[in-house]
Amino acid sequence: MLQDKILWPTLVDSIERFPKLTNHSVADVCVIGGGYTGLSAAIHLAEAGHRVVLLEAHHIGAGGSGRNVGLVNAGTWAKPDDLNKYLGEKAGEKLTAALGAAPKLVFDTIDRLGIDAQDTRTGNLHMGHNAAGEADVDERYRQLSRRGADVEVLTGAKCHEYCGTTSIQKALLDKRAGTVNPYAYVVGLSKAAHNLGVLIYEDTSVTRIEKDGSQWRVCTSNGQIKTDKVIISTNAYTEGEWTDILKTIYFVCYYQIATEPLEGEISRKILPYRNGSWDTRQALSSIRRDKDDRLLFGTVGLSENKESLYVAWANTMLKKYFPELSGKANWQYRWCGRFGFTTDHIMRIFEPAPGIVAATAYNGRGITTGTLLGKAFAQYLQDDNRDALPLPFTKLEDNIISFRGLRSSLYDTGLALYHAGQCLKIIA
């Protein structure tokens, strides 16, 4: 039976809950947001001996970190040469190198902290779905291999073998990448942070941040934290009017649907090396397997009010890529999330006041970007050295997106029409 329920928590045996803040406390650093960025920062700060308090409005992994596809990808959606155009060559190359090493940082973190993230480390596939997509694969290979990245273009029989479908004739295998259960990873980070002495409070929404002498006071409805420094790591799940960072992004919905566990030879042929994958469509499709051999599809642009389109799109993609499963695989779970988007597909970091840092707009690359930026913020707040950051700070006021709500609505509507065209075979 198809359930409107997130798959990932059902695959995690032990989920720890934390109390609500009900008093006044002090910290060296207060972290707002219990996702990858906030927990990565909290862990590195605690390991350096700092008193850290982390506030989460709902529960750990309630936002994008628990709804993620789970692809541990290198880089950004933008190609390296495009980053150089947007940021300048020096800053662009620095960000490309940092995000290229970010999958290793994630996997090293998993190993170092003993997290059962249900991870694979066999690389991920960028699948060219047509001639233009294949040209994009070739161009990405040229740009990445020129920078020393461990990537390979797959064609013919090898491509069919890795992808598990003859519908794809060319794919880029990025051997640096892999997959995780995103919820298992974020829960594991929270346990590690707690064991290091980080005070974690759930169901604790921030209402305002105010100056208190040389320090900051982070206020909630039932308590407050007096702190030297603040990290805002709420990204697309920021709530309330206490910060302007939401004005710098617009929301993009991401829909996922998972089959019941597959069995037999058919299952073993689909992504046999357990790579994560996504294609080059305008509205991309992500494809992966979980630890129990469910097949997962995901795509941008489908939100909760288009339920009838969900399954129609999923059945269309299943028939397109894996026709041997068409009519045989039963859908079991479906859910939606959102991520913060920018028009250039590049994240932003801000320092709105001395002692406060914030990050937004991971553009669908939250696992690696969040882990990396959390570590970088922790280092920067300790030594004030901007070289620790993977890209420069920018000003909030210079990144305000006009009509962001309208932009999100138009984007969602446009992609819904695109998916409808796929279902009707108007769009390939």
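The values are calculated or read from the model by the stated rules, or taken from the named source; none is laboratory data. These figures come from a predicted structure and were not determined experimentally. Using ideal geometry, Cβ is built from the backbone for each residue, glycine included, and neighbour counts are taken over all protein chains shown. Calculation scope for accessible area: heavy atoms of the full protein, side chains included, ligands and nucleic acids excluded. Shrake-Rupley method; radii C 1.70, N 1.55, O 1.52, S 1.80 Å.
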Filter result for the condition that a residue is within 23 Å of Arg51 (Cα to Cα) and hydrophobic (A, V, I, L, M, F, W, C), over Val311, Val357, Val300
Val357
With the structure loaded, tell me whether Leu144 is assigned to a strand (DSSP E or B) and outside the structural domain of Gly276 (by the TED database) or whether it fails that test.
no
Filter region 1-60 down to residues that are surrounded by fewer than 19 Cβ atoms within 10 Å (Cβ to Cβ) and in a helix (DSSP H, G or I), then give me how many there are.
4
Taking region 92-115 and keeping only residues that are within 14 Å of Pro392 (Cα to Cα) and touching a helix residue (DSSP H, G or I) at 6+ places or on another chain (Cβ under 8 Å), one is left with Gly92, Glu93, Leu95, Thr96, Ala98
Name the single residue, out of those in region 118-146 being among the hydrophobic types (A, V, I, L, M, F, W, C) and touching a Gly at 6+ places or on another chain (Cβ under 9 Å), that is surrounded by the most Cβ atoms within 10 Å (Cβ to Cβ).
Met127
Quick one: in region 271-280, which of the residues that are crowded, with 19+ Cβ neighbours inside 10 Å and of a type outside the set (A, V, I, L, M, F, W, C) is modelled with the lowest pLDDT?
Thr280
Tell me, which residue of region 292-311 that is among the polar types (S, T, N, Q) and open to solvent by 40 Å² or more (accessible area, probe 1.4 Å) is modelled with the lowest pLDDT?
Asn305
Wholly inside region 196-270, strands (runs of 3 or more DSSP E) that include 3 or more residues that are among the hydroxyl-bearing types (Ser, Thr, Tyr) and open to solvent by less than 40 Å² (accessible area, probe 1.4 Å) are 250-259
Only residues in region 190-209 that are basic (Lys, Arg) count as the first member; pair them with residues that are open to solvent by 60 Å² or more (accessible area, probe 1.4 Å) and not in a strand (DSSP E or B), Cβ under 7 angstrom, at least 6 apart or cross-chain, and list the lot.
Lys191/Glu16
For region 147-164, indicate whether the set of residues that are surrounded by 17 or more Cβ atoms within 10 Å (Cβ to Cβ), closer than 19 Å to Thr76 by Cβ and not assigned by the TED database to the domain that holds Arg288 is non-empty.
yes
Do we find a residue being at pLDDT 95 or above and over 23 Å from Thr343 (Cβ atoms) anywhere in region 75-96?
no
